[in-house]
Amino acid sequence: MDAVLTHESPDRAQPPRRAGGGWWQVAWPIALAVLVAAATAYGLTDGRDVAPVVAASGLVYLAAAATQRRWAAWVAFGIAFALISLDKFADLDAMPWLLVLAGVLVVGGPASRRAHPWWALPLQTAAMLVLGATAVLALRLEPTVGGLLVAAALLGHAAWDVHHHRTGRVVDHALARFCAVLDVVVAVLVGIVTLTA
């Protein structure tokens with residue numbers, strides 16, 4: 001086990017303990033990610049349409065950091081998925097809602113009764129600012145550049161997911177694995193759609 005994962009400092013969030021779960025513990029987040037990626041890519045003709053997913057990727061981690069609850073990331077994912085689905089199928093603009101939710105978490109996070117680790121909320125807030133700004137910028141660019149920016153942002157966030165999976169910080173391993181696979185698959189699909197459009 002990595003030394004970082006066993007450090008007992010009160011300033012470090014303790015990773016979840018790995019219990020034996022076999023292949024299913026590894027497989028279900030991957031299977032779910034592929035399913036969500038397929039739903040995300042369904043009917044996609046412009047890579048910029050996936051920009052809200054970039055903002056949502058930051059929101060999920062921010063929710064866990066702001067509440068100091070790993071499971072809050074899954075709740076945030078569910079809310080973001082619902083908003084993005086409404087954006088796709090009912091013409092609701094998800095981006096402002098995702099950014100408002102992020103603002104609420106940043107303002108409400110410091111009011112959390114648990115203050116450790118001190119670095120989690122500022123770090124996830126910075127990531128949310130970068131991802132949110134990138135998503136907004138991608139929507140304002142022409143289709144090819146905007147689509148490629150979305151794909152690059154998703155690949156960058158996949159690296160963020162891998163880091164969090166390795167260190168066991170902020171979110172649980174299943175969510176980090178799910179997000180990494182989702183980000184890579186959607187990035188590849190967005191890149192293909194963007195370059196072949």
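The values are calculated or read from the model by the stated rules, or taken from the named source; none is laboratory data. Values in this document were obtained by computation on a predicted structure and should not be read as measured data. All Cβ positions, even for glycine, are placed from backbone atoms using ideal geometry, and neighbour counts span all protein chains on display.
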For the range 120-135, pairs from a residue that is at pLDDT below 95 to a residue that is of a type in the set (Lys, Arg), with Cβ under 9 Å and 6 or more apart or across chains, are 120/169
Of everything in the range 135-154, what is loosely packed, with under 15 Cβ neighbours inside 10 Å and either under 14 Å from the mean Cα position of the chain (by Cα) or basic (Lys, Arg) (or both)? Give them in sequence order.
140
Would you be able to say whether some residue in the range 163-171 is surrounded by fewer than 20 Cβ atoms within 10 Å (Cβ to Cβ) and in a loop (DSSP other than H, G, I, E, B)?
no
Out of the residues in the range 69-101 meeting the condition of being in a helix (DSSP H, G or I) and of a type in the set (D, E, K, R), tell me which one is nearest to residue 36 (Cα to Cα).
88
First in the range 164-176 and closer than 19 Å to residue 27 by Cβ, second anywhere and aromatic (Phe, Trp, Tyr), Cβ under 7 Å, 6 or more apart
171/61; 175/74
